[in-house]
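The values are calculated or read from the model by the stated rules, or taken from the named source; none is laboratory data. Quick caveat: nothing in here was measured; it's all calculated off a predicted structure. Every residue, glycine as well, gets a Cβ built from its backbone with ideal geometry; the counts of neighbours run over all protein chains shown. Just the protein is used for accessible areas: all its heavy atoms, side chains included, with ligands, DNA and RNA removed. Shrake-Rupley method; radii C 1.70, N 1.55, O 1.52, S 1.80 Å.
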Amino acid sequence: MFTEKERLNLIMSYGLEESIDLYNKYYDEIHSIDLKKFKSTMSIQYDLPQKLADAIYFIEYHYKNRGTHFEEIMDFFNTLRAIERQVM
């Protein structure tokens, strides 16, 4: 499992493009979920474009709540972790 700090670091370091791909893939679903309450529980320390921020909130929402896209999100983070290990 990944901590919130690890997840955000992986996304910001290796997964920006893939996050936007997920945003585009699930655009309608992202805008149908009320992420306002969820956003207040996160500690994003970055000033991000809205599209990227929404993508990260969507990813975090499904990760923390084991949503319908949990397996895809876990694959996403495992891939990013593998990339991180190759770079180091």
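Below, the figures for the structure above:
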{"read-out": "First in segment 67-87 and among the charged types (D, E, K, R), second anywhere and surrounded by fewer than 15 Cβ atoms within 10 Å (Cβ to Cβ), Cβ under 9 Å, 6 or more apart", "value": "R81/E6; E84/S13"}
{"read-out": "Which numbered condition I44 fails, given (1) at pLDDT below 90; (2) in contact with a Leu (Cβ under 8 Å, 6 or more places away or on another chain); (3) surrounded by 17 or more Cβ atoms within 10 Å (Cβ to Cβ)", "value": "(3)"}
{"read-out": "Cβ pairs under 7 Å, 6+ apart, first in segment 16-41 and on the phi < 0 side of the Ramachandran plot and open to solvent by less than 90 Å² (accessible area, probe 1.4 Å), second among the hydroxyl-bearing types (S, T, Y) and modelled with pLDDT of 85 or more", "value": "I30/Y23; I33/Y61; L35/Y57; L35/Y61; F38/Y57; F38/Y61; K39/Y57"}
{"read-out": "Qualifying residue in segment 2-15 (condition: closer than 23 Å to M88 by Cα, among the hydrophobic types (A, V, I, L, M, F, W, C) and assigned to a loop (DSSP other than H, G, I, E, B))", "value": "yes"}
{"read-out": "Conditions (1) in contact with a helix residue (DSSP H, G or I) (Cβ under 8 Å, 6 or more places away or on another chain); (2) at pLDDT 75 or above; (3) not in a loop (DSSP other than H, G, I, E, B); number of the one not met by E71", "value": "(1)"}
{"read-out": "Only one of Y63, Y57 that is open to solvent by less than 20 Å² (accessible area, probe 1.4 Å) and either assigned to a helix (DSSP H, G or I) or at pLDDT 90 or above (or both)", "value": "Y63"}
